[in-house]
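**Q** If you scroll down you'll find the structure; I have some questions about it.
Every number here is computed from the coordinates shown, using simple stated rules; none is lab data. These numbers come from a predicted model, not from an experiment. With ideal geometry, Cβ positions are generated from the backbone for all residues, glycine too; neighbour counts draw on all protein chains shown.
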Amino acid sequence: MLNKNISQVNQYANELVKEKNFQSIVITNEKGIIISATNKKLEGKDFATVGDKNYLSGSTTQVNRVKNQLITTSPIMGFNSRIGTAILTYNLQPTNFN
């Protein structure tokens, strides 16, 4: 992202989302605009219109459980400041306790 090479970001996200149970990967810029997403229809949209805007303000990596999903949010840092946010959604496997 530091070199503005979004195609490499897209390639990495598309490969990662192929792993079992990954649902989506969204990368925003510092303004909260989605610059890369595994769902291409989201690109160019303000993340706050499609997700929880609070995910964009954390200063550390956080993992939240929402129903049967883990949502990991992490700031993407440049040399001196935040240049974006990564939001990864992972589906948890149902557990049988018999």
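**Q** Using +1 on the beta carbon of Lys and Arg, -1 on that of Asp and Glu, and nothing else charged, what's the dipole of the range 6-91 about the Cα centre, debye to 20?
**A** Dipole of the range 6-91, to the nearest 20 debye: 200 debye.
**Q** Just going by the charge dipole of the range 6-91, with Lys and Arg at +1 and Asp and Glu at -1 on Cβ, which of 7, 35, 49 is farthest out on the positive end?
**A** Ranked along the dipole, the leading option is 49.
**Q** Charges on Cβ only, +1 for Lys and Arg, -1 for Asp and Glu, centred on the Cα centroid of the chain; of 59, 24, 74, which one is farthest towards the dipole's positive end?
**A** Checked the options; the winner is 24.
**Q** For the chain, what is the mean residue ellipticity at 222 nm derived from helices alone (per DSSP H run of n ≥ 4: -39500 (n - 2.57); sum divided by total residues; nearest 500 deg cm²/dmol)?
**A** That calculation yields -3500 deg cm²/dmol at 222 nm.
**Q** Can I ask one more? Starting from the Kirkwood Rh over alpha-carbon pairs, what translational D in µm² s⁻¹ does the chain have by Stokes-Einstein at 25 °C and 0.890 mPa s?
**A** Translational diffusion coefficient: 175 µm²/s.
**Q** Pull up the cross-link candidates among the lysines for residue 31, meaning alpha carbon to alpha carbon under 18 Å and not fewer than 8 places away within one chain.
**A** Output for residue 31: 4, 45, 53.
**Q** Let me ask you something else. Which distance in nm do the two modelled labels at residue 8 and residue 43 give, with both placed 7 Å along the Cα-to-Cβ direction?
**A** It is 1.7 nm.
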